[in-house]
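Take a look at the structure set out below.
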Amino acid sequence: MISDKMKVALNEQLNAELYSSYIYLSMSAYFDDINLKGMAAWMKMQSTEEYAHAMKFFDFIIRVGERVNLKQIDNPPASWDSPQAAFESALKHEKSITKRINDLTDLAISEKDHATNTFLHWFVDEQVEEESTVADIVENFKLIADSKGGLFMLDKELGKRTIMPQQ
Ligand code: OFO
């Protein structure tokens, strides 16, 4: 039903989503270490969301009758220069994931693989959301600049995040 090339690409994306989960978990540990508990909680939830994304690929690969191929997950960085730098790095990471999803979609279209193309639509929308959410947080950091009070408030705000149900 799907080509070998697509099967490899889907398994690679499964690995990339697991890496996303891993890097955000590492950011959560970093924030916890510098006592920004709200940001630590936000990142832990982000990690959980990424795991759910990985499971969407896992389930889809199986549903189309193919074999899941789990690969080694790279080590994520363990620390960042500042809280803002961590979120900037998250934004850069999300942009790289958006590119991957777009490339996968291009491949599905070029192969006339309608099932995979339709499956990927959810991820195309999700990436718009992910980039915009993290970009807003980066802008908040710019606004508060060096204000300790601002950082405290932003930490409290991000700590209010609740998990979004995955459709
Ligand atoms: Fe899976 O969306 Fe972020 O990386």
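Brief remarks follow.
- Label-zone membership for the stretch 22-48, site Leu70, 7 angstrom Cα→C-beta point, backbone N under 20 Å: 22-26, 47-48
- For the chain, the fraction of C-alpha pairs farther apart than 22 angstrom is 45 percent.
- About the Cα centre, charge dipole magnitude for the chain (Lys/Arg +1, Asp/Glu -1 at Cβ), debye: 260
- Per residue, the chain exposes 56 Å² of solvent-accessible protein surface, assessed with a 1.4 angstrom probe and all protein chains in place.
- Exposed trypsin sites (Lys or Arg not before Pro) absent - longest run of the chain, DSSP non-H/G/I/E/B, at most 10 other C-beta within 10 Å: 1-66
- Largest accessible area first, the listed residues Ser147, Ser26 line up as Ser147, Ser26 when surface is computed with a 1.4 Å probe on the assembled protein chains.
- Accessible surface of the stretch 4-158 [probe 1.4 Å, protein heavy atoms]: carbon and sulfur percent: 54
- Average projected area [Cα convex hull, the stretch 21-100], square nanometres: 5.6
- Over 28 Å between alpha carbons, listed pairs Lys37/Lys99; Lys7/Lys160; Lys92/Lys156; Lys44/Lys92; Lys44/Lys142; Lys5/Lys71: Lys37/Lys99; Lys7/Lys160
- Separation between Cα centres of the stretch 48-81 and the stretch 92-167, rounded to whole Å: 16
- Extending 7 Å from the Cα toward the beta-carbon at both Asp106 and Ala29 defines two label points whose distance is 3.5 nm.
- The chain: most fluctuating residue of Glu17, Glu66, Glu94 per GNM, C-alpha cutoff 10 Å: Glu66
The values are calculated or read from the model by the stated rules, or taken from the named source; none is laboratory data. Every value quoted in this text rests on a predicted model; they were computed, and no experiment measured them. In this analysis, Cβ positions are derived from the backbone assuming ideal geometry, glycine residues included, and neighbour counts consider all displayed protein chains. Surface areas here come from the heavy atoms of the whole protein model, side chains and all, with no ligands, DNA or RNA. Shrake-Rupley method; radii C 1.70, N 1.55, O 1.52, S 1.80 Å.
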